[in-house]
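Asker: One structure, as structure tokens, below. Some questions next.
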Amino acid sequence: MSYIHFPVIAVMTLFMGAFLTVVFGRKSKAVRNILALAASCTAFVLICCLIKPVLIDGEIISYWMGNWSPVEGYAIGIGYEIDQLGMFFALITVFTVLMSCIYSIRYMERDSALDFYNVLFLMLSGSVLGLVLTGDVFNMFIMIEIMTFTSVGLAAFRNNKAGSVEAGFKYLVIGSIGSSMTLFGVAILYGNCHTLNMAQLSSILAGKLTPSTLMAFALMFTGLAVKSYIVPFHTPAADAYTTAPASISMVFSGMVNKAGVYGMIRLVYIIFRAMDKSSVQLLMVIFGVVTMFVGVTMALAQHDFKRLLAFHSISQIGYVITAAGLGSALGLTAGLFHAMNHTLFKGLLFLCAGAVYYAAGTTNLDKLGGLSKKMPKTCICFLIGAFSISGLPPFNGFASKWLVYQAVYEKAVTSGNIFYAFATVAAVVVSVMTLASFIKVTQAVFFGQLPASLENVQEVPALMRLPMWIMSALCVLTGVFYDQVNKWLLAPAAGAALNVSGYIDRMMGEGYAAEAGVVNIPVFAARFSFWNPVVWLLLFIIVLAAFCLAIIGSSGDRASISSAPADAEDGKYATFFSGEKSMPSHVSGSDLFWGFKKNWKGYFKVMDGIHSGRVNDYALYVVCAAALITVFVFGFVR
Amino acid sequence: MIIVNYIASVVLVVLGLYVIMTKKHLIKIVLGMSIVDYGINLFIVSTGFNEGGTAPIYKMSEFFRGSFFVDPVPQALTLTSIVIGACVDAMALSLVVKLYKQYHTTNSDEIRRLRG
Amino acid sequence: MKLKEGIKETNVVVKSGADMVLPFAVVFGLYVILFGTVSPGGGFQGGVMVASACILIYLGYGYKATTTVINREVLEVNEALGAIIYVLLATCGIFLGVRFCQNVFYDIGNVGDLISAGTVTFMSFAVGYKVLTGVGFLLLLMLYLLGDGDEEEEVDEE
């Protein structure tokens, strides 16, 4: 059997594992675990066998289902096209699935109805793998729908906990609006071009941007943005990541998010080939910057461990969208690198949160503390994850964030638009606030005083520690050997996204792209210039200027920072530092930055009002953003 | 190219979105989601119409090789979309039943335990 | 509204109406599934029609009679079996050396017969079986969820 069948077999293996679990796994725990592990390992091995032909030799696998090849230049079948960009995301997917499967063998043993859990988990994995490997836009929509349904089921899985079913319902309503918009866009595209194949769509839409195709672009962009959970579509994600079991939160933030990002890159880079227009770049970067900022400021105000990690996840996706939206090879490389690193370190952080929940029984930051004495190995893994996300060398977060800064700064220099300089400053400031937030979380959970209720907490079992060790090791390795990662994984993937004529030719036959007049987008070459001193100096001057502005702007408040009177009605901010040593201090761990929160009280009040918890409000944000995107696209994209 | 169908489908989608945004009762929100889906189904099946074409079923109603027929692909897409709509309805209604048992209300103003 | 006890005393009109419509619904649904490749219809449409048998029995005879006649566990397992058969039929292509989902039974029967369209006929049967059992299971689950009393649900507060 030649390797061209492997992608389809991998997807079908995951689905078959789900169906077999329904038939055989209803009573016996061993059968369930064996089936899940077998399916995940088979998919992992099959996708890894494809590394040699696709990534190393540079071949694009083109597979028409049922052997329905194009007839007279028209694509009539469903095609699976695996180029290096899809392979990159497929590797991330199968790795995350395998780690989550190993982790959930011990983590979920206290829950009941585990056959439903395994079925939903395997179908989620199969649908995301199918999404990144397909070359047909309606097949992509179907996989998005399967992904939405299974995610809803998994978010509402622990329906005896407060808020799970509510989170699942909100996720379903908002996700359904997004999917419907994507379907509407696909229908408009079909009505225009009478084909559903991505390669043929790309060659037909070459420079033909009529009002109806612009509408399709706006609708599909909105629909895929809802799936990536960028602001203002992020509201169900914060709830769902909190209430889902930790092994599933890791899959959500590591795989499902990336599927939305992959969809957006495919849409803008390959189907519409609109990445050379400055208006589209501006659209994506605006979304990215707003997402970064809102995500990290909301995270500073949270009291729940997993909800805080969820907001950080949203903020890091903002980095990826900003970098991928710049339109240059360096930007796309930075975006893809950060996406891969985000899966690794965010997955690690969610697994640590799950370990804390398994051992201590709660994720409320006000009730945890001092766990480093009882769970030292989990503490080390968490520290590695926290350093990675804050961007400290030599971990992988530093390498990818530095690339993002460099890419945005280079865009600011070459295009002369002042907005990109502002975006650079925003990226650096958000990184600093991420570090602040993780200092708070580490102090709240692992250091500090051990409450009396957590006296007999034990370290988690070895099978749960194994995925955490593997992911920490990868965090360190990809940070130290970033050159190798670039050469083998990132450069082929970014090159595939920019080489559209190669994609079209492989799918529809040689010479098709040239006939349709497809020209590659002119881009700048990617180079890793970490040690260019001029770049460092200019960056330092920009950050210093921003800092001075902030000091001058808030000079009126400086008196109140040092001597804050304890408000009588604001007991949350009241501090009490004297007393016995045995009495616990009244500054709870989650309020470490109470001064910051007090100074920005107006902003946090507005943000609290926006995240009201009502599903009607969340739907209103989606529809308003869709309207704004449509107006922008019609007004500025030529 | 039937203009009435396209206008009706856009009206349905807008009405459905209005219902999701303004109504407080959970089952009305689920109905709004369904109306959006039906509007899009009407749109998809209308894109395949060819004026004067016959049904694309072999051995039925004057269909032979080379005859002019309506496009069968949007019909398949619509069928898939109807199935997906049915599944969304089923899932949403089960969640509403479970929510009612836990919160004893179906008003979306009071189902707000996760916020902030 | 307690549904489990509400429909204990059914009307003789409703009961005989359900009695008369049920065989027609099931047979017509099976016809639509079987002749899916030569006339309009197919797996999903016919499957939903056959699954309406669950609702008809519930309307005529009540919840207890429905659970006596139709077993929910059996429906759940059979749904997965239908899906497995579909995937195995699609993988026949790979076993015979050609592509996935290829039409490998293309020389069975003449055009216009019942079994003539190749692999698609059998796939349509598998889809019909899956939808039949799946939608039936869904309906029974909803009836169970609604009719199982109005007990309070225990929710763990954080």
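Every read-out reported here was derived from the displayed coordinates using simple, explicitly stated rules and does not represent laboratory data. Note that the structure is predicted; figures quoted are calculated from it, not measured. Cβ placement follows ideal geometry from the backbone for every residue including glycine, while neighbour counts extend to all protein chains displayed.
Asker: Please work out the Cα center distance from the stretch A:431-465 to the stretch B:17-41, rounded to the nearest Å.
Answerer: That distance is 43 Å.
Asker: So, one more: Give the calculated FRET efficiency between C:S39 and B:N50 to the nearest 0.05, with a Förster radius of 25 Å applied to their Cβ-Cβ distance.
Answerer: Efficiency, from the Cβ-Cβ distance: 0.70.
Asker: Further, regarding this structure: Please list the non-local residues whose amide H lies under 5 Å from the amide H of B:F69, H modeled 1.01 Å from N, same-chain partners needing a gap of 5 or more.
Answerer: B:T54
Asker: Just to confirm a number: summing +1 for Lys and Arg and -1 for Asp and Glu over residues other than C:K130 whose beta-carbon lies under 14 angstrom from that of C:K130, what do you get?
Answerer: So the surrounding residues net to -2.
Asker: On to the next question. I'd like the Kirkwood hydrodynamic radius of the stretch A:260-398, using the inverse of the mean 1/r over distinct C-alpha pairs, in Å.
Answerer: Final number for the Kirkwood radius of the stretch A:260-398 is 16.3 Å.
Asker: Quickly work out the C:K64-to-A:D111 label distance, labels modelled 7 Å from Cα along the C-beta direction, and quote it in nm with one decimal.
Answerer: Taking the simple label geometry, A:D111 and C:K64 are separated by 3.7 nm.
Asker: Right, something else. Sort A:L392, A:L214, A:L50 so the one with the fewest other Cβ atoms within 10 Å of its own Cβ comes first.
Answerer: With the sparsest Cβ surroundings first, the list reads A:L392, A:L214, A:L50.
Asker: Right, another one. Looking at the stretch B:64-116, which chymotrypsin sites (Phe, Trp or Tyr not before Pro) are DSSP coil and have at most 15 other C-beta atoms within 10 Å of their C-beta?
Answerer: B:F64, B:F68
Asker: Over all residues in A:156-168, what is the mean tally of Cβ atoms on other chains that come within 10 Å of each residue's Cβ?
Answerer: Counting other chains' Cβ atoms within 10 Å and averaging over A:156-168 gives 6.
Asker: Average the reciprocal distances over every distinct pair of alpha-carbons in the stretch B:16-81, invert the result, and give the Kirkwood radius in Å.
Answerer: Every distinct Cα pair counted, the radius reaches 14.0 Å.
Asker: Another question, then. So what J values fall out for the stretch A:621-638 if you push phi through Karplus, 6.51 cos²θ - 1.76 cosθ + 1.60 with θ = phi - 60°, rounded to Hz, Gly and Pro as x?
Answerer: 5, 4, 5, 5, 5, 4, 5, 5, 4, 4, 4, 4, 5, 5, x, 10, 8, 10
Asker: Rounded to whole Å and sorted largest first, what semi-axes of the equivalent ellipsoid does the C-alpha gyration tensor of the protein assembly as shown yield via the square root of 5 times each eigenvalue?
Answerer: Value: 45, 35, 26 Å, ordered largest first.
Asker: Whole angstrom only: what separates the Cα centroid of the stretch A:362-401 from the Cα centroid of the stretch A:129-170?
Answerer: Each part's Cα centre sits 29 Å from the other's.
Asker: So what's the angle, to the nearest 10 degrees on a 0 to 90 scale, between helix A:329-360 and the longest Cα principal axis of chain A?
Answerer: The two axes meet at around 50 degrees.
Asker: Would you kindly derive the ³J(HN,Hα) couplings of the stretch A:488-498 from the backbone phi angles with the Karplus curve 6.51 cos²θ - 1.76 cosθ + 1.60 (θ = phi - 60°), listing them in order in whole Hz, with x for Gly and Pro?
Answerer: Calculated HN-Hα couplings, in order: 8, 10, 7, 4, x, 5, 5, x, 5, 5, 8 Hz.
Asker: Could you give the nm distance between label points at A:F634 and C:L146, where each point is 7 Å from its Cα heading toward the beta carbon?
Answerer: Result: 4.2 nm between the two label points.
Asker: Taking the Cα centre of chain A as origin and charging only Cβ (+1 Lys, Arg; -1 Asp, Glu), how large is the dipole, in debye to the nearest 20?
Answerer: That gives a dipole near 980 debye.
Asker: Among A:S28, A:S100, which comes first, then next, by fewest other beta-carbon atoms within 10 Å?
Answerer: So the residues, fewest neighbours to most, are A:S28, A:S100.
Asker: Taking 0.36 nm per residue of separation and subtracting the Cα-Cα distance, what length does fully extending A:N417 through A:L383 add?
Answerer: Net length gain for the segment: 8.4 nm.
Asker: While we're looking at this one, here's another question. Which ordering of A:M12, A:M464 is given by a fewest-first count of other beta-carbon atoms within 10 Å?
Answerer: Least to most surrounded, the residues fall as A:M12, A:M464.
Asker: Using the Karplus curve 6.51 cos²θ - 1.76 cosθ + 1.60 with θ = phi - 60°, what ³J(HN,Hα) values do you get for each residue of the stretch A:72-80, in whole Hz, with x for Gly and Pro?
Answerer: 6, x, 10, 7, 10, x, 8, x, 9
Asker: Using the Cα atoms of chain B to build a convex hull, what is its mean projected area in square nanometres?
Answerer: 9.6
Asker: If you build a Gaussian network model of chain C, linking Cα atoms that sit under 10 Å apart, which residue out of C:A53, C:A126, C:A18 swings the most?
Answerer: C:A18
Asker: May I ask for the angle, rounded to the nearest 10°, between helix A:376-390 and the longest principal axis of chain A, with both axes built from Cα atoms and the value confined to 0 to 90°?
Answerer: For helix A:376-390, the angle is close to 60 degrees.
Asker: Quick check: residue separation of A:Q449 and A:A206 times 0.36 nm, minus the Cα distance between them. What number comes out in nm?
Answerer: That pair, A:Q449 and A:A206, stretches by 81.2 nm at full extension.
Asker: Connecting C-alpha atoms closer than 10 Å in a GNM of chain B, tell me which of B:I40, B:I57, B:I82 has the biggest fluctuation.
Answerer: In this elastic network of chain B, the residue with the biggest mean-square fluctuation among B:I40, B:I57, B:I82 is B:I57.
Asker: Another question about this same structure. Could you list the GluC sites (Glu not before Pro) in the stretch A:380-459 that lie in coil according to DSSP, counting only those with at most 11 other Cβ atoms within 10 Å of their Cβ?
Answerer: The qualifying sites are A:E455.
Asker: Mind pulling up the Rg/Rh value for the stretch C:3-147? Radius of gyration and Kirkwood radius, both on Cα.
Answerer: Reported Rg/Rh (Cα atoms, Kirkwood Rh): 1.09.
Asker: Taking Rh as the Kirkwood radius computed over C-alpha pairs, what is the Stokes-Einstein D of the stretch A:326-374 at 20 °C in a medium of viscosity 1.002 mPa s, expressed in µm² per second?
Answerer: Diffusion coefficient, whole number: 162 µm²/s.
Asker: Across the residues of B:97-109, average count of Cβ atoms on other protein chains within 10 Å?
Answerer: The mean count of partner-chain Cβ atoms within 10 Å per residue comes to 5.
Asker: Per-residue ellipticity at 222 nm for chain A, helices alone: DSSP H runs ≥ 4 residues times -39500 (n - 2.57), over residue total, nearest 500 deg cm²/dmol?
Answerer: Computed ellipticity for chain A at 222 nm equals -22000 deg cm²/dmol.
Asker: Further question: Once the other residues with Cβ under 12 Å from the Cβ of A:D617 are scored (Lys, Arg +1; Asp, Glu -1), what is the net sum?
Answerer: +4
Asker: With the crude spin-label approximation of a point 7 Å out along Cα→Cβ, what separation in nm comes out for B:H104 versus A:V476?
Answerer: Once both label points are built, they end up 5.5 nm from each other.
Asker: Ok, one more. In terms of modelled amide H atoms, which long-range or inter-chain residues lie less than 5 Å from the amide H of A:V231?
Answerer: Result for A:V231 returns A:T291.
Asker: Another one. Of A:Q443, A:T235, A:F350, whose Cα points farthest to the positive end of the dipole of chain A (charges on the beta-carbon: +1 Lys, Arg; -1 Asp, Glu; origin at the Cα centre)?
Answerer: Towards the positive end, the residue furthest out is A:Q443.
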